[in-house]
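Below: one structure, written as structure tokens.
The values are calculated or read from the model by the stated rules, or taken from the named source; none is laboratory data. Keep in mind that this is a model prediction, so the values were computed, not measured. Please note: Cβ atoms are built from the backbone with ideal geometry, for glycine as well, and neighbour counts cover all protein chains shown.
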Amino acid sequence: MTKLQGFIALTRINKPVGIYLVLWPALWALWLASEGTPSPHLLVVFILGAILMRSAGCVINDYADRNFDGQVARTSERPLATGLIGSKEALIFFAVLCLLAFLLVLTLNRLTVWLSLGAVFLAVLYPFMKRHTHWPQAFLGAAFAWAIPMAFAAVLNEVPWQVWPIFLITLIWSLIYDTAYAVGDMKDDLKIGVKSTAILFKQHLWQWMALFQFLMLCLLWWVGQLFDLGSSYYVSLVLVLGWFIVDLMRLAQQDAKLAFNVFLQNHWIGLIILLGIIFSK
């Protein structure tokens, strides 16, 4: 692997699932805030911003895990773990990606610019939480959800209270899919002292997932009421309910490969909800 390939690998750009998980909630917010007609300028800024900030998040995550990744088979070949990319180089690369995202945000209003600082803070905070709490997935959810108040601010130049149910939906959704992701790493995480909700929930995993799914669906229904969404939106919620039931059946088997597939496929839920919103406006 060349140095350039190492920098590209740091961004996980070849594994776009994470980009979708950031992007779909941001687009929910843009469509809702703009009442179904987001401007092309905002769409470009938030799509590129999702790509850049997800990439930056992967870089700072690998920096935080640089002393652990070499002990885990799945991550042992990451550029920082092998020494192909140095720690200082990774931090500079992270700063460059954040700067590029910030230049995009500078084309928006002042409130959105100020809010963007929170996105950087949360992106940096999340990977270090794995050392201190069994709930790092909640911090990941907050980082991914921060695009929601930013989107409303970009459209309305304010952050109305209706933003926060959508924010909470995204945070709970992260608890669902990232816990499924963490199931595959449980043995290695226990060995190296990394914490996760998968370790916390253990044999009660599917019951916790059912609770989170129920809460997410309730909040999604409430959002439909708050924004006066049409029947297409509620059809999308029925589809999400069916998807959740299938996911629960897979997670109940306590199989790492099945749990990872739950994670990989979960971004489709975000797209289904987005399409429900688009066809309801």
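Structure notes:
- Taking residues in region 134-151 that are over 17 Å from PRO165 (Cα atoms), and partners anywhere that are assigned to a helix (DSSP H, G or I) and among the β-branched types (Val, Ile, Thr), the pairs with Cβ atoms closer than 9 Å and at least 6 places apart or on different chains are HIS134/THR197; HIS134/ILE199; TRP135/THR197; PRO136/THR197; GLN137/ILE176; GLN137/THR179; GLN137/THR197.
- Flag if LEU248 is within 19 Å of ALA26 (Cα to Cα), in a helix (DSSP H, G or I) and not aromatic (Phe, Trp, Tyr): no
- Residue match in region 93-113 (condition: within 23 Å of ILE148 (Cβ to Cβ) and touching an Asp or Glu at 6+ places or on another chain (Cβ under 8 Å)): yes
- Filtering region 176-188 to residues that are free of Cβ contacts under 8 Å to residues at least 40 places away in the same chain and among the acidic types (Asp, Glu) leaves nothing.
- Restricting the search to helices (runs of 4 or more DSSP H) fully inside region 132-234 and requiring at least 2 residues that are among the aromatic types (Phe, Trp, Tyr) gives 136-145, 163-183, 205-226.
- Qualifying residue in region 23-36 (condition: at pLDDT 90 or above, among the polar types (S, T, N, Q) and in contact with a Phe, Trp or Tyr (Cβ under 9 Å, 6 or more places away or on another chain)): no
Okay, residues lined up against (1) in a loop (DSSP other than H, G, I, E, B); (2) hydrophobic (A, V, I, L, M, F, W, C); (3) out of contact with any strand residue (DSSP E or B) (no Cβ under 9 Å at 6 or more places or on another chain):
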{"site": "PRO25", "(1), (2), (3)": "no, no, yes"}
{"site": "GLU35", "(1), (2), (3)": "yes, no, yes"}
{"site": "LEU43", "(1), (2), (3)": "no, yes, yes"}
{"site": "PHE46", "(1), (2), (3)": "no, yes, yes"}
{"site": "SER55", "(1), (2), (3)": "no, no, yes"}
{"site": "ASN61", "(1), (2), (3)": "no, no, yes"}
{"site": "GLU77", "(1), (2), (3)": "yes, no, yes"}
{"site": "LEU84", "(1), (2), (3)": "yes, yes, yes"}
{"site": "PHE93", "(1), (2), (3)": "no, yes, yes"}
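- Filter result for MET209 (in contact (Cβ under 8 Å) with a residue 12 or more places away in the chain, of a type outside the set (Gly, Ala, Ser) and closer than 30 Å to PHE68 by Cβ): yes
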